[in-house]
Amino acid sequence: MSAKAIISAEFFPPRDIAAQEKLVRSAKTLSELNLSYVSMTFGAGGSTRSGTADAVSLLQNLGFDVAPHLSCIGASKADIAEILDDYKAKDIKRIVALRGDLPSGMGVLEGEMRYASDLVGFIREHSGDWFQVEVAAYPEMHPQATSFEDDIKHFVHKAQQGADGAITQYFYSADAYFYFVEQVRKAGIEIPIIPGIMPITNSSQLLRFSNMCGAEVPRWVRNRLMDFGDDRAAIRDFGADVVTKLCQDLLDGGAPGLHFYTLNGADATMKLVNRLSL
Ligand code: FAD
């Protein structure tokens, strides 16, 4: 296991007061884990711009080091500059820089920045080294990539534009992660690549998300989940076993940390991290 694993957790902006209360409860519970930072997603096309900023402040007031996600698709450089200046004024020191996906039906918006690498370059140009910039990585390939090699080439370019680290899309094959890291290292990029971890707690939700983002749920895992039907407790127990083993294999193999997709809950992440005795 890595000496000092970087453990972080991701949340999304709450839509109403009840959801906000749940987010605060979850964040307070997870604070027991001494997280290195927490991140807050951003709706592509700016759809959660104020929601993200408000949720970032909420978590900052709870004492977290917060990394807002920022996507560039469809945005102007002036919009992005305003957001960066606002975060800098609030003493935010990290950004997760993304291209983003347009909600379906919004067509193709050109914007001034087409790829996350353009955004990373712009952040460096506009804000210098103020922000620690994380980018996304896809061990099982980005769903729109023309080939694995092209995807690696584009990832390398994104790192060269000034990214400090990367967080991966979730996956359930440790081999896919290690192979991806090996290819990136061969291309001369040494930034930390933190595996994104999606706890398994709900079969239909997991399969729906995985279809959307191109993450592979192994056949044997899917089959077991189907067997459990509506037995939520059995799904959670099985999911915890599968994902604990994945996390342990990743850390044992040299992954520098773990980034948990919490879906604004705390229980699944707490259970996993406690089992890893971190
Ligand atoms: P890019 O790195 O720009 O890559 C997108 C695609 O373009 C890839 O197929 C790549 O190979 C290709 N490409 C890159 N550069 C070039 C080039 N120069 N020429 C041709 N092709 C190129 N989405 C949100 O909307 N909000 C979020 O908060 C959010 N958070 C995320 C957090 C993590 C950790 C991850 C893994 C994903 C997140 N996403 C989020 C989803 C992300 O926005 C989508 O996966 C999106 O489709 C790609 O974003 P990217 O930053 O990886 O894009």
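Mean residue ellipticity at 222 nm, helices only, the chain: -14500 deg cm²/dmol; runs of at least 4 DSSP H residues each add -39,500 (n - 2.57), and the sum is divided by the number of residues. In region 1-159, taking the dipole from charged Cβ atoms about the Cα centre, the farthest positive-side position among PHE155, ALA81, THR52 is held by THR52.
Checked against a 23 Å cut-off, the cross-linked pairs LYS4/LYS90; LYS22/LYS271; LYS77/LYS186; LYS22/LYS245; LYS28/LYS158; LYS28/LYS90 give Cα-Cα distances beyond that limit for LYS4/LYS90; LYS77/LYS186; LYS22/LYS245; LYS28/LYS158. Build a GNM of the chain with springs between Cα atoms under 10 Å apart, and of ALA67, ALA240, ALA163 the one that fluctuates most is ALA240. Its relative contact order, with pairs defined as Cα atoms under 8 Å and 6+ residues apart, puts region 165-218 at 50 percent.
Put in line by how crowded their Cβ is, counting other Cβ atoms within 10 Å and starting with the fewest, THR201, THR269, THR41 read THR201, THR41, THR269.
In sequence order, region 243-252 has phi-based couplings of 6, 4, 4, 4, 4, 5, 4, 5, 5, 4 Hz under the Karplus curve 6.51 cos²θ - 1.76 cosθ + 1.60, θ = phi - 60°, and Gly or Pro positions carry x.
Less than 15 Å apart at the alpha-carbon level, and either on another chain or at least 8 residues along: which aspartates and glutamates does that give for LYS153? Cα-Cα hits under 15 Å: ASP118, GLU140, GLU182, GLU190.
Computed over all pairs of different Cα atoms, the Kirkwood value for the hydrodynamic radius of the chain is 19.2 Å.
If R0 is taken as 45 Å, the Cβ-Cβ distance between ALA81 and ARG185 corresponds to a FRET efficiency of 0.85.
What separates the Cα centres of region 206-274 and region 18-52 is a distance of 20 Å.
Just so you know, all these numbers are worked out from the coordinates, no wet-lab data involved. A quick note: this is a predicted structure, and the numbers were derived from the prediction, not measured. Glycine also receives a Cβ, built like all others from the backbone with ideal geometry; neighbour counts cover every protein chain displayed.
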